[in-house]
Amino acid sequence: MGRSKKLSVGRRGFLKGAAIAGAATLVAPGEAAPAQPAAPSLHHAMPLLPPVIESDPPPDVEVLTEGRSGSDFMVDVIKSLGFDYVCCVAGSSFRGLHESVINYGGNQNPELITCLHEEAAVAMAHGYSKIEGKPLLVLAHGTVGLQHASMAIFNAWCDRVPVYLMIGNTLDATMRDASYGEWPHSVQDAAAMVRDYIKWDDLPISLQHFAESAVRAYKIAMTPPMEPVLLVADQQLQENPVSQDAGLQIPKLTVAEPPQGDSGAVAEAARLLVQAENPVIVVDRAARTQAGMEHLVELAETLQAPVIDEYGRMNFPSQHPLNQTAHRRQLIAGADVILGLELADFWSTVNSFRDQLHRTSQPIVKPGTKLISITTGDLYIKSNYQDFYRYTAVDVDIAADAETTVPPLTEAIKRLITADRKRVFQQRGAKLAAARQEELEAARTEATYAWDASPVSVARLCAELWAQIKDEDWSLASFIRHDSWWPLRMWTFDKHYQFIGGPGGGGIGYTAPASVGAALANRKHGRLTVNIQDDGDLLFVPTVLWTAAHHRIPLLSVMHNNRAYHEELMHVQRMACRHNRGIDRAWIGTTFEDPNIDFAKVAQGFGVYAEGPITDPKELGPAIQRAIAVVKRGEPALIDVVTQPR
C-alpha cells in the first residue's frame with residue numbers, strides 16, 4: 001500500500017506539471033512564448049518538467065491514474081481462497097479484475113486461462129473440480145457472458161460440483177457508457193437468470209462486503225451438496241481507487257466438515273444389512289476421493305455384498321469381484337435390503353419405466369424389501385428444475401454425506417457379525433466372484449464381434465486405446481455411456497481420478513471442455529488424461545481445442561465420430577416405429593454427413609496435433625501411439641476415428 005501510494009502521488013504531480021507545460025504553449029499567433037525556466041538538476045524527481053508555481057494555480061486537471069484499485073483488493077481475496085486458475089473470455093465488465101489478476105497478482109495463483117466461450121470456461125471448471133477436489137474461478141461478462149455460461153452451470157448444478165463464478169456488472173445507471181454496450185450488458189439482478197440452478201449468490205456493495213461474501217461463497221460451494229455459486233463484482237467497485245486507510249480485512253476461510261449420519265440411524269442400517277440374506281449396495285456420487293473409494297470397498301467386503309455402480313463418479317473398482325453392475329436387474333429383484341449411497345435417482349433403481357405409446361412403470365423389488373438411503377441430496381432441494389427425480393419412500397433415511405458416513409457404518413456392521421453370519425457372507429462372496437468372472441469373459445468375447453469392421457467398432461476403439469495406456473498413470477475424463485460402457489467393462493479402474501462421471505444435466509458441449517479442465521488438474525500430477533470424444537459434443541465448443549493448445553494442456557482425445565447425434569436419431573426412429581412410418585428418413589436433422597466433418601483438420605486449425613479420419617481399425621493402434629508421444633511432450637493431440645454408432 002505504501003509503495004502504491006507513492007507511485008500515485010508521483011503520477012499526479014506528473015500530470016499537473018504536464019498541464020502547465022501544455023498551457024504555456026497555447027499563445028496567440030505572433031506572440032512570443034514565455035521564457036522556459038532552466039532545467040532542474042538530474043537528482044530531481046521530474047527533471048524535465050517545470051515546477052508548479054503556487055502563486056499561479058493550474059487549471060483543473062482530471063487525474064487518470066491511481067495506485068491501487070478495488071480489483072487489486074479483490075485479487076488479494078481471491079488469492080486467499082487458494083484458486084490455482086481463473087478461466088474467462090475477456091469482457092469489459094470485469095476489465096479491472098482481469099488487469100489486476102495479470103499485473104497486480106502476477107498471473108500466478110490464479111493463472112489466467114484464456115477461453116473462447118463462457119460455456120467452455122465453466123465446463124473446464126466442472127471437469128477440473130472433479131479431479132482436484134476444489135473449484136477454480138470463472139469470470140464472465142455481464143448479461144451475455146452469463147447467458148453463454150448458463151448451460152454449463154446447469155450441468156454442474158445437476159452433477160453437484162462446486163463451480164465458483166464471478167461476473168462483472170454496472171448497477172449504477174449513471175456510470176454506464178453506451179459506447180461500450182454497457183446498457184444491454186448490465187442488469188438489475190444479474191444472478192436472477194441462473195438462480196434456480198446455483199446454490200448461492202450475492203451482490204457486494206462494498207469491498208469489505210465483497211471479501212466476506214467471497215469467503216462465504218467458497219465455503220457454501222464446498223459444503224455438501226456441493227454446487228455452483230455466483231458473486232456479482234460491480235464494475236465501479238472494481239475500478240475505483242482504494243485509500244491507504246481503508247482498513248479492509250480478509251476473513252479466514254474455514255470449510256465445513258461434511259455431515260455424518262446420526263448414530264442411531266447408522267446402527268439401524270447396520271442391523272438390517274447384517275441380517276439380510278441378499279443385500280445390495282447401489283452407489284452413484286458416493287466417492288469424492290481415493291479414501292472414499294477404499295471405504296466403500298471395505299464396506300462391500302465386510303458384507304460380501306454386491307455393488308451396483310451408477311457411475312456418477314468412480315466409486316468402486318471396475319474389476320473387483322463384488323462389482324456386479326452388469327447384473328443389476330436380477331440383483332435388485334432378489335434383494336431384501338438395498339443400501340443407496342448418494343443416489344440421484346433412487347426411484348429408477350427400484351422401479352422399471354416403459355417408454356411406449358402409454359408410459360407405464362412398475363416396481364422391480366419384491367414386497368417387503370427394505371430401502372436405506374444415505375445422501376446429502378435431501379439437505380438442499382429447489383423446486384423449479386426437476387433434478388431431484390421421483391419421490392422414493394425409504395425405510396431408513398439418513399440425510400448425511402455418504403463418504404463420511406460409510407466408515408462408521410462399516411464399524412457398526414463389524415460389531416454385529418457373528419461366526420455364522422460371516423460364513424454366510426463368505427459363501428455369498430464366492431458366488432458373486434464366479435459370476436463376475438463369467439461376465440468379464442463374456443465381455444471379452446463380445447468385444448471381438450466386428451473386430452475388423454469399418455467404420456471402427458466402439459469395442460475395438462476402446463480395446464486399442466486400453467492397450468496403449470494400461471501401463472500409464474491415466475485418467476479418463478469423458479462421459480462413456482455413448483460408448484456402450486466398454487471402458488468400464490474391459491479396463492481396470494481402481495483410482496478415483498480414473499473416471500469422473502458425466503455432465504449431470506445431460507447438456508451437450510460438456511465432454512470436450514470438461515476433459516480439458518480435468519487435464520489441467522492432472523497436469524501437475526503427471527497423469528495421462530484421455531478423452532473418448534463424441535463428435536456432436538465437440539461441435540458445440542470446438543474452440544476449447546485452442547485453449548488446450550495455447551496453454552500446453554496435455555490431453556489425448558480420440559474421436560468417437562459416428563457422424564450423428566445418434567441418441568436423437570434413435571428417438572426419431574422410435575417415434576417413426578410408433579407411428580408405423582418406417583425409419584428410413586430418421587437421418588434428417590440428426591446426422592453430420594454431406595459433407596463429412598474432418599475433425600483432424602478442425603483440430604489442426606486450432607494448433608492441435610491431429611491425425612485422421614481413420615476408418616481402418618489396423619491403423620488405430622499406431623496412431624494412438626504417436627498421439628501419446630505428443631501428449632507426453634506436454635501438448636494436446638486428437639485422433640479422428642470414424643466409428644459405428646454405439
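Based on what the data block shows, is ALA233 surrounded by 17 or more Cβ atoms within 10 Å (Cβ to Cβ) and in contact with a Leu (Cβ under 8 Å, 6 or more places away or on another chain)?
Working: surrounded by 17 or more Cβ atoms within 10 Å (Cβ to Cβ): yes; in contact with a Leu (Cβ under 8 Å, 6 or more places away or on another chain): yes.
Taking the combined requirement at face value, the residue satisfies it.
It is to be established whether one or more residues within segment 241-252 are in a loop (DSSP other than H, G, I, E, B), more than 21 Å from ILE332 (Cβ to Cβ) and in contact with a His (Cβ under 8 Å, 6 or more places away or on another chain). Taking every residue of segment 241-252 in turn, none turns out to be in a loop (DSSP other than H, G, I, E, B), more than 21 Å from ILE332 (Cβ to Cβ) and in contact with a His (Cβ under 8 Å, 6 or more places away or on another chain).
When ALA140, ALA125 are screened for being open to solvent by less than 10 Å² (accessible area, probe 1.4 Å) and under 12 Å from the mean Cα position of the chain (by Cα), only ALA125 passes.
Residues that are touching a helix residue (DSSP H, G or I) at 6+ places or on another chain (Cβ under 9 Å), of a type in the set (A, V, I, L, M, F, W, C) and farther than 19 Å from VAL458 by Cβ: which helices (runs of 4 or more DSSP H) entirely in segment 514-588 hold 3 or more of them?
Values: elements: 535-540, 544-550, 566-578.
The helices (runs of 4 or more DSSP H) meeting that bar are 544-550.
Looking across segment 206-225, the residues that are hydrophobic (A, V, I, L, M, F, W, C) and either outside any loop (DSSP other than H, G, I, E, B) or open to solvent by 30 Å² or more (accessible area, probe 1.4 Å) (or both) come down to LEU207, PHE210, ALA211, ALA214, VAL215, ALA217, ILE220, ALA221. Could you list all residues from segment 272-312 that are small (Gly, Ala, Ser) and over 19 Å from ARG329 (Cα atoms)? Within segment 272-312, ALA286, ALA287, ALA291, GLY292 meet the criteria. Would segment 263-270 turn up any residue that is open to solvent by 30 Å² or more (accessible area, probe 1.4 Å), modelled with pLDDT of 95 or more and either in contact with an Asp or Glu (Cβ under 6 Å, 6 or more places away or on another chain) or of a type in the set (A, V, I, L, M) (or both)? So far as segment 263-270 goes, yes, one or more of its residues are open to solvent by 30 Å² or more (accessible area, probe 1.4 Å), modelled with pLDDT of 95 or more and either in contact with an Asp or Glu (Cβ under 6 Å, 6 or more places away or on another chain) or of a type in the set (A, V, I, L, M) (or both).
Filtering segment 590-611 to residues that are open to solvent by less than 40 Å² (accessible area, probe 1.4 Å), farther than 30 Å from ARG574 by Cβ and not in a loop (DSSP other than H, G, I, E, B) leaves ALA600, ALA603, ALA610, GLU611.
So for segment 620-635 (the condition being touching a strand residue (DSSP E or B) at 6+ places or on another chain (Cβ under 7 Å), over 23 Å from LYS470 (Cβ atoms) and open to solvent by 60 Å² or more (accessible area, probe 1.4 Å)), does at least one residue qualify? Checked against the condition, which is being touching a strand residue (DSSP E or B) at 6+ places or on another chain (Cβ under 7 Å), over 23 Å from LYS470 (Cβ atoms) and open to solvent by 60 Å² or more (accessible area, probe 1.4 Å), segment 620-635 yields no hits at all.
Kindly evaluate LEU539 against the criterion of being in contact with a Lys or Arg (Cβ under 9 Å, 6 or more places away or on another chain), at pLDDT 95 or above and surrounded by fewer than 23 Cβ atoms within 10 Å (Cβ to Cβ). Here the answer is no, as LEU539 does not meet what is asked. Comparison of TRP587, TRP546 shows that the only residue that is touching a Leu at 6+ places or on another chain (Cβ under 8 Å), modelled with pLDDT of 95 or more and aromatic (Phe, Trp, Tyr) is TRP546. Checked against (1) under 28 Å from VAL630 (Cα atoms); (2) crowded, with 18+ Cβ neighbours inside 10 Å; (3) in contact with a strand residue (DSSP E or B) (Cβ under 7 Å, 6 or more places away or on another chain), SER457 meets all criteria but (3). Tell me, please, whether a residue that is touching a strand residue (DSSP E or B) at 6+ places or on another chain (Cβ under 9 Å), in a loop (DSSP other than H, G, I, E, B) and open to solvent by 30 Å² or more (accessible area, probe 1.4 Å) can be found in segment 156-166. No, because not a single residue in segment 156-166 is touching a strand residue (DSSP E or B) at 6+ places or on another chain (Cβ under 9 Å), in a loop (DSSP other than H, G, I, E, B) and open to solvent by 30 Å² or more (accessible area, probe 1.4 Å).
Test GLU568 against the stated conditions and say whether it is on the phi < 0 side of the Ramachandran plot, under 25 Å from the mean Cα position of the chain (by Cα), open to solvent by 70 Å² or more (accessible area, probe 1.4 Å) and not aliphatic (A, V, I, L, M). Lay out the reasoning, then the answer.
Working: on the phi < 0 side of the Ramachandran plot: yes; under 25 Å from the mean Cα position of the chain (by Cα): yes; open to solvent by 70 Å² or more (accessible area, probe 1.4 Å): yes; not aliphatic (A, V, I, L, M): yes.
So GLU568 fits the description; yes.
Among the residues of segment 172-182, are any more than 30 Å from ASP345 (Cβ to Cβ), at pLDDT 95 or above, outside any helix (DSSP H, G or I) and out of contact with any Ser or Thr (no Cβ under 7 Å at 6 or more places or on another chain)?
As a first pass, look at segment 172-182 and keep what is more than 30 Å from ASP345 (Cβ to Cβ): 172-182.
Okay, now just the ones that are also at pLDDT 95 or above, so none.
No: zero hits.
Within segment 283-322, track down each residue that is open to solvent by less than 10 Å² (accessible area, probe 1.4 Å), under 25 Å from the mean Cα position of the chain (by Cα) and either of a type in the set (S, T, N, Q) or under 19 Å from LEU432 (Cα atoms) (or both). VAL283, LEU296, ILE308, ASP309, ASN315, PHE316, SER318 - these are the residues of segment 283-322 that are open to solvent by less than 10 Å² (accessible area, probe 1.4 Å), under 25 Å from the mean Cα position of the chain (by Cα) and either of a type in the set (S, T, N, Q) or under 19 Å from LEU432 (Cα atoms) (or both).
Identify, from the list PHE479, PHE493, the residue that is among the aromatic types (Phe, Trp, Tyr), touching a Gly at 6+ places or on another chain (Cβ under 6 Å) and assigned to a loop (DSSP other than H, G, I, E, B). Please lay out each step first, then the result.
Numbers: PHE493 fails: touching a Gly at 6+ places or on another chain (Cβ under 6 Å).
Exactly one of PHE479, PHE493 is among the aromatic types (Phe, Trp, Tyr), touching a Gly at 6+ places or on another chain (Cβ under 6 Å) and assigned to a loop (DSSP other than H, G, I, E, B), namely PHE479.
Residues that are of a type in the set (A, V, I, L, M, F, W, C) and in contact with a helix residue (DSSP H, G or I) (Cβ under 6 Å, 6 or more places away or on another chain) number at least 2 in the following strands (runs of 3 or more DSSP E) confined to segment 264-358: 279-283, 307-309, 337-341.
Does ASP401 qualify as being at pLDDT below 95, of a type in the set (Asp, Glu) and more than 20 Å from ALA335 (Cα to Cα)? Quick ask: steps written out before the conclusion?
Details: at pLDDT below 95: no; of a type in the set (Asp, Glu): yes; more than 20 Å from ALA335 (Cα to Cα): yes.
Here the answer is no, as ASP401 does not meet what is asked.
Only a single criterion out of (1) modelled with pLDDT of 95 or more; (2) crowded, with 16+ Cβ neighbours inside 10 Å; (3) out of contact with any Ser or Thr (no Cβ under 7 Å at 6 or more places or on another chain) is not satisfied by GLY377, namely (1).
Could you grab the pairs with beta carbons closer than 9 Å, sequence gap of 6+ or different chains, first residue in segment 342-358 and at positive phi, second one of a type in the set (D, E, K, R) and part of a loop (DSSP other than H, G, I, E, B)? Final answer for the pair search is GLU342/ARG160; GLU342/ASP284; GLU342/ARG285; GLU342/ARG313; GLU342/ASP401.
Given the options GLU403, GLU411, GLU441, name the one that is assigned to a helix (DSSP H, G or I), open to solvent by 30 Å² or more (accessible area, probe 1.4 Å), under 20 Å from ALA300 (Cβ atoms) and of a type in the set (Asp, Glu). Before you say what the answer is, go through the steps one by one.
On the way: GLU403 fails: open to solvent by 30 Å² or more (accessible area, probe 1.4 Å); GLU441 fails: under 20 Å from ALA300 (Cβ atoms).
None of the other options fit; the residue is GLU411.
Listed conditions (1) open to solvent by less than 10 Å² (accessible area, probe 1.4 Å); (2) in contact with a Ser or Thr (Cβ under 7 Å, 6 or more places away or on another chain); (3) touching a residue at least 60 places away in the same chain (Cβ under 8 Å) are all met by GLU239, apart from (1). ALA447 versus (1) closer than 29 Å to LYS618 by Cα; (2) open to solvent by less than 10 Å² (accessible area, probe 1.4 Å); (3) within 31 Å of the chain's Cα centre (by Cα): which is the lone unmet condition? Here ALA447 clears every test but (3).
The values are calculated or read from the model by the stated rules, or taken from the named source; none is laboratory data. Being a predicted model, the structure only gives us computed values, none of them experimental. In this analysis, Cβ positions are derived from the backbone assuming ideal geometry, glycine residues included, and neighbour counts consider all displayed protein chains. Accessible surface areas use protein heavy atoms only, side chains included; no ligands, DNA or RNA. Shrake-Rupley method; radii C 1.70, N 1.55, O 1.52, S 1.80 Å.
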